[in-house]
Structure formats: C-alpha cells, structure tokens
Amino acid sequence: ELAELGLLDRHPDGGYTIGTGLWELGELAPVSLRLRERALPHLARLYEASGENVHLAVLSASDPVTAEALYVGRVTGPDSIPTLSRMGGRHPLHTTGVGKALLALQDDAWLEAFFERTLERETVHSVTDARQLRAELVRARERGYATTRQEMTLGNVSVASAIPHRSELPLAAVGVVTHLARGQERRLAQLVVSAASAIARDLAQP
C-alpha cells in the first residue's frame, strides 16, 4: 500500500527504499520550507568564508530523554574534511558543536532530565561528566558559541552557535567542522555567530 502511494519504492529484489512521495511530504515541513530555505544562503556564505563543513541542526525532540541533534542542512566542498554527518542524520548532543549549542539553550529542569541519561563516549575525548559538561554550557552561553575538540571524530573540531528561537520552529544551531590543525576558534566563532544572527533576521521576516 505504501508503494502504491509513492511513499516507498519497491525494487526487483523485493527490497524497499524511501519513495519520492515521502520525500515530497517531508519537504512541506516548516523545517524545510522556513528554516532550511531561509538558512541556505547564509550556510553557503559561511562555507565560502571558512572553506569547511557547514551544518544546520535542530533539536530532534523536546523530550530530554530522547533528544538528539538532527541535521537538516549541510554545505561541504572538495577541501572540507570527511565527517560522519549527513542530511537527515542524528548525532549526540554532548559530542557535537551544534548539539552543545542546543544544550546551552535549555533550562536547569531540562538539563537535569538530560543528565539522567547515560552519555556515550564516541571518542576518548568525549565529555561525559555532567559537571564538566555543565561548565562548558555556562561558558557557551557567556560567549555565544560552543565548541568540541575530537569528541565526535578524532582529529576534528567544531564551533557552533544557536539560532535565536522562533516559536513555530524547533531549536536550531549552525556550526562548522574542521581539522584540528585548521581550527582557528576565534575566527570560526565570529563567522558562525554572524551566520546565526543573519539566519534569525531572515526568519523574523514575513
């Protein structure tokens, strides 16, 4: 029935893949029509300025027990380093720059529930201690951006900034991922904070 509706495509070997009908429905979501479409020009400019992987992510759920960073936009190029991220993919909040930026938006009650979870260690550098992570979130709020250093992938660093929230959209953040040797934090921070502000201005337009 799903194949007849175009939501799934059936292959000769009997397997199924996502159909264009399901993709079409997904493109009607506010995350696609409003957030990603308004953000794309700014993501492109951020890539042009940095030459690095650029990510747009949202909080996948309001429940702190299950929430992750859901990647809804990505710009990369030939000189960008390989990353694990993909459009529609998810990664932990505590090991990614965009994830930490999203965590920094949460209140104490939300974070208390979040820290009840077991925080998995993606690399030897992943921060899984609640006290240390809380301190990082305080610092992220103070300076307007969050960072990771080899916490999701060895050799990679990320810098990310939350996008000021719009009530009709999920919490969102924009970030850059680069190699440790190219990770000029101050410069990248200025770029991502500026991009987040520009996206927020466009989202505020009718």
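The values are calculated or read from the model by the stated rules, or taken from the named source; none is laboratory data. Here the structure is a predicted model, which means the values were calculated and not measured. FYI the Cβ positions are ideal-geometry reconstructions off the backbone, even for glycines, and counts take in every protein chain you see. Heavy atoms of the whole protein, side chains included, go into the accessibility calculation; ligands, DNA and RNA do not. Shrake-Rupley method; radii C 1.70, N 1.55, O 1.52, S 1.80 Å.
Here are the numbers for this structure:
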{"quantity": "Verdict on LEU70 being touching a Ser or Thr at 6+ places or on another chain (Cβ under 8 Å), farther than 23 Å from LEU180 by Cα and of a type in the set (A, V, I, L, M)", "calculated": "yes"}
{"quantity": "Hey, TYR16 of a type in the set (Ser, Thr, Tyr), without any contact (Cβ under 8 Å) to a residue 40 or more places away in the chain and open to solvent by 70 Å² or more (accessible area, probe 1.4 Å) or not", "calculated": "yes"}
{"quantity": "In the stretch 45-66, residue farthest from the chain's Cα centre (by Cα) [restricted to those that are assigned to a loop (DSSP other than H, G, I, E, B) and charged (D, E, K, R)]", "calculated": "ASP63"}
{"quantity": "Odd one out for SER161, checked against (1) under 23 Å from LEU70 (Cβ atoms); (2) at pLDDT below 95", "calculated": "(2)"}
{"quantity": "Only listed residue being under 29 Å from ASP202 (Cβ atoms), surrounded by fewer than 19 Cβ atoms within 10 Å (Cβ to Cβ) and either acidic (Asp, Glu) or touching a residue at least 24 places away in the same chain (Cβ under 8 Å) (or both), chosen from LEU111, LEU84, LEU93, LEU102", "calculated": "LEU84"}
{"quantity": "Test: residue in the stretch 121-140 that is open to solvent by less than 10 Å² (accessible area, probe 1.4 Å) and either at pLDDT below 95 or among the acidic types (Asp, Glu) (or both)", "calculated": "no"}
{"quantity": "Every residue from the stretch 101-126 that is within 17 Å of the chain's Cα centre (by Cα), small (Gly, Ala, Ser) and part of a helix (DSSP H, G or I)", "calculated": "ALA101"}
